[in-house]
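Quick notes on the structure that follows.
The values are calculated or read from the model by the stated rules, or taken from the named source; none is laboratory data. What you see is a predicted model, and the numbers here were worked out from it, not measured in a lab. In this analysis, Cβ positions are derived from the backbone assuming ideal geometry, glycine residues included, and neighbour counts consider all displayed protein chains. Note: accessible area is taken over every heavy atom of the protein model, side chains too, but ligands, DNA and RNA are not part of it. Shrake-Rupley method; radii C 1.70, N 1.55, O 1.52, S 1.80 Å.
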Amino acid sequence: MKFSLFSLLHQGLTGNQGWQPQWRDPAPKPAYDVIIIGAGGHGLATAYYLAKEHGIRNVAVLEKGWLGGGNTGRNTTIIRSNYLWEESEALYEHSVKLWETLSHELNYNVMYSPRGVMMLAHSVHDVQVTKRHIHANRLAGIDNEWLTPEQAQEFCPILNISRDIRYPILGAALQRRGGVARHDAVAWGYARGADKLGVDIIQNCEVTAIRRDASGCVTGVETTRGPISARRIGVVAAGHTSVVMGMAGIRMPLESFPLQALVSEPVKPLMPCVVMSNTIHAYMSQSDKGELVIGAGTDQYTSYSQTGGLHISQHTLDAICELFPMTRRLRMLRNWGGIVDVTPDRSPIIGRTPVPGLFVNCGWGTGGFKATPGSGHVFAATIAREEPHPIAAPFTLERFTTGRLIDEAAAAAVAH
């Protein structure tokens, strides 16, 4: 069913009896042309673009749990493209441009809101680094601008710009096209779109082994629901990428860390934008339900836990209360963690692997959600053509042997 004002009115007048499931729940077939491991945003987007743009519709997306139950449903939904290096700027700007029309593309409201992303500077070093990012972005045709403390407060009135706080605000960078989207809706929209094009989304189907023939090429996977054959496999498993790739005998340059977030009780609109501070490991926006969505830095130990250390959240809330004094009496409703996969240069890995037929998309660290459309788009092209998409070409595994790293630790805006 195509969503529209007409279909909404029709269902309302007929007792809402005509709504259909948004995607099928199929049993796995014995074989597919392509298998995608991981039904998060990136995996579902990859399957959607494989079907839509490359005509490869005999695709299975395998998920060990439920659709969008990993990092896609556990992040803080921030979208921006103000990265430093040309390679990253191209990738994230490609994604932002896809975000701008994604609801129309999927016929599904992903609630994209370009409310602006402001990144604070607290020291002379912060000011220098931030202005370097601004100039680099402008050279690439990406919007970014410098704000004085007073201009920053004008853009976000609840911001504390007092000079006597522990980390006084000396200025900020603002990307007005940055913003947020609804993470669940993104997963649901891509799932619905991929399913409509014939892709099988198979939940509760954990991959237990990757099969290879005598020449080393992949031939399929073993799962908890039986063996499935395929000559091309794309791994999009976020924090568990190392585990899945280990099944094919590949050791990945990744570390997995818990990354925590919290939401407050709902309040009336008070936060008109996203505010981020790398120095004090905190960032905040406000959801459409009124909750303040607060993100922290990564925990300082590797783990597959989705909880994280309480002291990390406490440190983040201390910083939030200083930056936004009016939030001090708010109650926190819940907190949680996701498992982020971090590379040595804090940039993703997208492309082929030494195993013929095996492709990987990983290493997004704390920036995976914002890249969802662009990541899926370029990864789908890489799998379909069996050669790197031009935007993805710099992000191959080989850069860790050639030394052509893309160091985006400073632009990540979350300490790790």
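In the condition set (1) buried (at least 21 other Cβ atoms within 10 Å of the Cβ); (2) among the hydrophobic types (A, V, I, L, M, F, W, C); (3) at pLDDT 95 or above; (4) within 22 Å of Arg115 (Cα to Cα), Ala282 is compliant with all but (3). Scanning the range 241-259 for residues that are open to solvent by 30 Å² or more (accessible area, probe 1.4 Å) and within 20 Å of Val34 (Cβ to Cβ) gives a single hit, Met247. The strands (runs of 3 or more DSSP E) falling completely within the range 87-191 that include 1 or more residues that are in contact (Cβ under 8 Å) with a residue 40 or more places away in the chain and out of contact with any Phe, Trp or Tyr (no Cβ under 6 Å at 6 or more places or on another chain) map to 117-121, 171-175.
A count restricted to the range 55-93 and to residues that are among the basic types (Lys, Arg), more than 20 Å from Arg182 (Cα to Cα) and open to solvent by less than 20 Å² (accessible area, probe 1.4 Å) stands at 0.
Pro269 satisfies every condition listed in (1) modelled with pLDDT of 95 or more; (2) surrounded by fewer than 20 Cβ atoms within 10 Å (Cβ to Cβ); (3) in a strand (DSSP E or B) except (3). Counting the residues of the range 347-366 that are within 22 Å of Asp33 (Cβ to Cβ) and of a type in the set (Gly, Ala, Ser) gives 2. Taking residues in the range 9-33 that are more than 25 Å from Ala60 (Cα to Cα), and partners anywhere that are loosely packed, with under 10 Cβ neighbours inside 10 Å and not basic (Lys, Arg), the pairs with Cβ atoms closer than 8 Å and at least 6 places apart or on different chains are Gln11/Gln17; Gln11/Trp19. Per the conditions (1) touching a residue at least 60 places away in the same chain (Cβ under 8 Å); (2) in a helix (DSSP H, G or I); (3) open to solvent by less than 50 Å² (accessible area, probe 1.4 Å), the sole criterion not satisfied by Lys52 is (3).
Listed by first and then second residue, the pairs with beta-carbon distance under 6 Å, at least 6 apart or on different chains, first residue in the range 220-232 and open to solvent by 80 Å² or more (accessible area, probe 1.4 Å), second at pLDDT 95 or above, are Thr224/Glu206; Arg225/Pro28; Arg225/Cys205; Arg231/Gly357.
In the set Pro344, Pro373, Pro354, only one residue is outside any strand (DSSP E or B), open to solvent by 10 Å² or more (accessible area, probe 1.4 Å) and within 27 Å of Gln306 (Cα to Cα); that residue is Pro344. The residues of the range 27-49 that are crowded, with 24+ Cβ neighbours inside 10 Å and among the aliphatic types (A, V, I, L, M), listed by number, are Val34, Ile35, Ile36, Ile37, Ala39, Leu44, Ala45, Ala47. Scanning the range 287-296 for residues that are surrounded by fewer than 23 Cβ atoms within 10 Å (Cβ to Cβ) and either outside any loop (DSSP other than H, G, I, E, B) or hydrophobic (A, V, I, L, M, F, W, C) (or both) gives Leu292, Val293. Restricted to the range 196-219, and to residues that are β-branched (Val, Ile, Thr) and under 27 Å from the mean Cα position of the chain (by Cα), which residue is surrounded by the fewest Cβ atoms within 10 Å (Cβ to Cβ)? Out of the qualifying residues, it is Thr208.
Do the conditions hold for Ala384, that is, is it at pLDDT 95 or above, in contact with a Leu (Cβ under 7 Å, 6 or more places away or on another chain), open to solvent by 10 Å² or more (accessible area, probe 1.4 Å) and assigned to a helix (DSSP H, G or I)? Spelling it out, Ala384 is indeed at pLDDT 95 or above, in contact with a Leu (Cβ under 7 Å, 6 or more places away or on another chain), open to solvent by 10 Å² or more (accessible area, probe 1.4 Å) and assigned to a helix (DSSP H, G or I). Filtering the range 306-329 to residues that are under 30 Å from Ser242 (Cβ atoms), open to solvent by 40 Å² or more (accessible area, probe 1.4 Å) and not β-branched (Val, Ile, Thr) leaves Gln306, Leu310, His311, Gln314, His315.
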